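The values are calculated or read from the model by the stated rules, or taken from the named source; none is laboratory data. Predicted model, so just to flag it, every value in this text is computed and none were measured. All Cβ positions, glycine included, derive from the backbone under ideal geometry; neighbour counts span all protein chains shown. SASA here: full protein model, heavy atoms, side chains in, ligands and nucleic acids out. Shrake-Rupley method; radii C 1.70, N 1.55, O 1.52, S 1.80 Å.
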Amino acid sequence: MKQFLLVFFGGGLGSALRFLIAKSFNGYFQHFYLGTFLVNVIGCLLIGIILGLSAKNSFLTENQTLLLATGFCGGFTTFSAFAFEKHTLLTAGEYLHFSVYAISSIVIGILAVVLGLWVSKLA
């Protein structure tokens, strides 16, 4: 039950922060959801750091990893919103914006995870 509550609490915090960032940044560009993009990249970087630190000499406990990686990052990242927004761009015929946004989110997200893992090795 304790682990469930850690994931629940972390997920709630991550979701609330995702909402605030998306609300603040998604209106800057007409066909690019900047808030969602930022959340996905930041979330990928954070999960890389968290899991890297967790694997490094047991820097984080299992419960801390559940709270931060599974809970917070799971609630914070927005690939469900990402998928819906891609659908919206496709149905609007915005194929170029769809392609640029989808490819850049995935590639930069993966690079952010790699960077997070690298940063965790420096700690």
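Values as computed for the structure displayed
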read-out	value
Contact order normalised by residue count of the chain, Cα under 8 Å, 6+ apart, percent	39 percent
Candidates per trypsin sites (Lys or Arg not before Pro) in the range 2-108, loop by DSSP, up to 16 other Cβ within 10 Å	Lys56
Accessible surface of the chain [probe 1.4 Å, protein heavy atoms]: carbon and sulfur percent	75 percent
For the chain, convex hull volume per residue from C-alpha positions, Å³	90 Å³
Accessible area of the chain divided out per residue, in Å², using a probe of 1.4 angstrom	60 Å²
Kyte-Doolittle mean at least 0.0 and Cα axial length at least 20 Å: DSSP H helices in the chain	2-25, 34-55, 95-122
Gaussian network model of the chain, springs between alpha carbon atoms under 10 Å - residue of Phe84, Phe98, Phe19 with greatest fluctuation	Phe84
Percent RCO, i.e. relative contact order, over the range 11-55, from Cα pairs under 8 Å lying at least 6 residues apart	25 percent
